[in-house]
1. Going from the alpha-carbon gyration tensor of the range 60-109, what semi-axes, largest first and in whole Å, does one get by taking the root of 5 times each eigenvalue?
2. Which number comes out as Rg/Rh for the range 113-190 once both Rg and the Kirkwood Rh are worked out on C-alpha atoms?
3. At q = 0.15, 0.18, 0.23 Å⁻¹, what log₁₀ I(q)/I(0) does a Debye calculation on the Cα points of the range 391-440 give, no solvent, two decimals?
4. How big is the range 1-69 by Rg and Dmax over its Cα atoms, in Å?
5. Please list, by residue number, everything in the range 87-108 whose backbone N is under 19 Å from a paramagnetic label point 7 Å out along Cα→Cβ of Met259.
6. Once ligands and nucleic acids are excluded and a 1.4 Å probe is used, how much of Ile124 is accessible, expressed in Å² to the nearest 10?
7. For the chain, state what percent of all Cα-Cα pairs lands in each successive 10 Å bin, counting from 0 Å until the bin that includes the largest distance.
8. Determine the relative contact order of the range 1-110: mean sequence separation of Cα pairs under 8 Å and six or more apart, normalised by residue count, in whole percent.
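The values are calculated or read from the model by the stated rules, or taken from the named source; none is laboratory data. Note that this is a predicted model, so its numbers are computed, not measured. Heads up, the Cβs are rebuilt from the backbone with ideal geometry, glycines too, and the neighbour counts pull from every protein chain shown. SASA here: full protein model, heavy atoms, side chains in, ligands and nucleic acids out. Shrake-Rupley method; radii C 1.70, N 1.55, O 1.52, S 1.80 Å.
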Amino acid sequence: MSAWKQRVDGEESPYTPLGPFKLRLPFYHYRFELPDYLQGLLMCAVDLAAIPLMMQLLGMPFEAALAIVILNGLLYLLHHLLGDPVIPGWITPAIPLLMAYVSTFPEGVDRVHALIAFQMMLGILALGLGVTGMASKVVRLIPSAIKAGVIMGAGLAAIVVVFDEGGRFEQYPFTIAIAVGVAFYLIFSRHFNKLKAQGGLWGAVGKLGIFPIIVLAIVVAPLFGEAPWPDVEWGFSQPDFALMFSEYTVFGVGLPPLMMFLTAIPTVIAAYIVLFGDVLQSKALLEEADEKRQDEKIDYNPNRAHMIFGGRNFGMSILGPDVVMCGPLWAAMHVVTVERYKQGKAAMNSIFGGSGSFRWGTNTGLLLLPIVSLVEPILGIALALTLLIQGYVSVRIGIMEARSQRDLGIAGIIAAMLVIKGATWAFGVGILLCALIYGKRFFSGEVDKTFVKDWDEASQPVEDPEPEVPLRK
């Protein structure tokens, strides 16, 4: 009998202990969720959107870049298999930072070395924090204002990427407008939630999450002349692992010189600050889900998460350095999965079933040439869609990390600095503002009961409170 059928309400889903990890296998430890698997089949389009970035930055042929995407896709599975209940993805807001840094080196071996050194350092940093248990302490010690600002800034940066000059919106204005509008209605609308609750056709559409949106984009883009009709090919995709290993890894170009590891440090720190926002967001989203679903206890451990995505980055730096990096969260798809999870046990038995089935789906899609050729014309649209959903969720979660109106003010400045000047500037300004405004209460800040979530938690009076400013008239 499958272990997942024996779960007692209020307990964790079944697992096999594996040191600091909790091994969960499909069908045995968790129920396979078909709707999430189907979403993954087409949402591999976003994974494939990394290919143009690598071709642009490294001059990499399509087949070699596809090999890196497939390898990265296999490592995505480690999260749910080892006990991290999230859908992992890229470190999206840090991609422009990394591309700008790597572009300072001449194209060829030097540029490949720069990417290898950066990703290896990032992996070592994350692994170190996870293994020593410092990751959880870092999460707790960061002031609420800085947490809020980093998460909000990551969301705003994702939106800017789409709408900035030369961004995806200029290439696909009608398709993005239609697809995003329908997506927000299906995922976040109260009205559609009522229709979905009635079952029938709307209930079936609701269970499919973002799957119908990708199908819609495949049809709408050619109708508006923003992309060609897909030329569906049959068979299996043909990644070139031999070329990837021989020209874009340490096996072909050797280890980078020591100086490249040193020069990568500032960019590594900046990327980690952005990555840290994803860890906070993972924690916040899963806490929301855990509160809604009392039948399953969700165990999210930042130390375990750091070990997994740190290991992924270190492994990819050796086997296939990746411009989009190995992040702890694909916010857009994770929130889609969590929203369906909140509908109850019948909709999704376990959060691991949803996150795991989705990533099995993306891996299947990457291997099937009909899927790859079907979504190839809309790779940019799929990327824009996930960025905008991530932006919406990040801003909402970021604001709710704040504990007072002073926190909100600081967070707004941090978010703006992250978008305009980058993560290093944002973090530095955040530290300065918290020191100036809170002084000795740098770490604790204040709780002024602006948010309902803090009404029962505020145990200390606010020092020198300002007159209450209503958020609504």
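1. On the way: eigenvalues 142, 51, 11 Å².
Value: 27, 16, 8 Å, ordered largest first.
2. Numbers: Rg = 18.6 Å, Rh = 16.3 Å.
Reported Rg/Rh, Kirkwood definition of Rh: 1.14.
3. After summing over all Cα pairs, the log10 values are -0.39, -0.56, -0.87.
4. 18.5, 53
5. 101-108
6. In the full protein context, Ile124 sits at about 90 Å².
7. Bins of 10 Å from zero give 4, 20, 31, 28, 14, 3, 0 percent of pairs.
8. Relative contact order comes out at 23 percent.
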